[in-house]
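Written below as structure tokens is the structure these notes are about.
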Amino acid sequence: MKLDRLIGILTILLQNDKSTAPELAKRFEVSRRTILRDIDNLCNAGIPVVTTRGGDGGISIMDGYKINKNVLTAAELQNLVAALKGIDTVLPQSNFKSLMEKLAPSDAAISLTDSIVIDLSSHYRYGLTEKISLLKTAIAEHKAVSFDYYYPKGEMRREVEPYFIEFKWSAWYVFGFCRLRQDFRRFKLNRLWNLTLTDSKFAPRTVPPEQVNAECFPYESKMLIKFDKAVKYRLIDCYGLNCYEETDDALLVTLDYSDKEYMFGLLLGFGEQAEVLEPKEIREEFTRMIKNIFSLYHGT
């Protein structure tokens, strides 16, 4: 019996009117039988979990119930507080107060002051909140969404079957099946606009685990760059403590990249404190870009 999964199931049931064993099994990547055992364990812990049959049936928690303070330790509850407040920064309506009324009884000896603050919003918080709300509806109802997507090659209208909303690599994404490319794709929420919920229903597909658990975008090539020692702190901030090889007068960094234009933009931000050494063709292309920028500002 894993406590983290039980807390996860409990949180889902408190946030939603009801769920089902198949939905929970898919969410936690376990069997339906395991979920049913977890429900029995929650009931044995004194939590009134109600199961109803029929087309409108499901698993739910009795209205108005508060969790006994012995179920969660102080440290576990404080971690939940931080996580729930973080989610609240991008939700259209705050559920934090009602959730905490259920999670923390009035006599719980615990401080709910913030030792960890998580803010998952962005400069485009209000647009982001609306997108997340609409995507949650689309995922729950198995309906496709359409949107205008802006990417290096321009812009295009896409229609996607959404599966997950993710916060990865310091940004929000929707993961789903792109009907145009006929494959699974991630779309950055700040790059998609005019988001619309369609009437087109879809049957959930089997998602390859390697795509769900992707740690990064696929890299295309490597670039060797020489940096001035004055920007060491920036390199550590972006790539970690051991990202460079130090010489007498410079820092050498080999970077993997999947988007050449993005790398050029990053290098321009370092100005004269960064120099592309290899590969030769990338150095030459970056040199042409710098010359074109020089010409633009000197009118030649």
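Observations on the model:
- If R0 is taken as 22 Å, the Cβ-Cβ distance between Glu275 and Leu241 corresponds to a FRET efficiency of 0.50.
- Relative contact order, percent, the stretch 125-212 [alpha-carbon distance under 8 Å, six or more residues apart]: 30
- Peptides 264-276, 133-145 ordered by average Cβ neighbours within 10 Å, highest first: 133-145, 264-276
- Taking the stretch 221-298 and dividing mean pair separation by its residue count, relative contact order in percent (alpha carbons under 8 Å, at least six apart): 38
- Each Lys and Arg Cβ is given +1 and each Asp and Glu Cβ -1; about its Cα centre, the stretch 125-212 then shows a dipole of about 180 debye.
- Gyration tensor (Cα) of the stretch 221-298, equivalent ellipsoid semi-axes in angstrom: 22, 14, 12
- Packing rank of 170-176, 238-244, 25-31, where each peptide gets the mean count of other beta carbons within 10 Å, highest leading: 170-176, 25-31, 238-244
- Selection from Val145, Gly127, Tyr163 lying farthest towards where the dipole of the stretch 125-212 points positive, charges on Cβ: Gly127
- Estimated from the Cβ-Cβ distance and a Förster radius of 30 angstrom, the FRET efficiency linking Arg37 and His142 is about 0.60.
- Tally of Lys pairs whose C-alpha atoms are under 18 Å apart, taken over the stretch 221-298, 8 or more apart or cross-chain: 7
- Simple spin-label estimate for Glu166 and Thr287 gives 3.9 nm between the two label positions (7 Å along the Cα-to-Cβ direction from each Cα).
Values quoted throughout were computed directly from the atomic coordinates according to the rules given, and no laboratory measurement underlies them. Predicted model, so just to flag it, every value in this text is computed and none were measured. Positions of Cβ are generated from backbone atoms using ideal geometry, with glycine treated the same way; all protein chains shown enter the neighbour counts.
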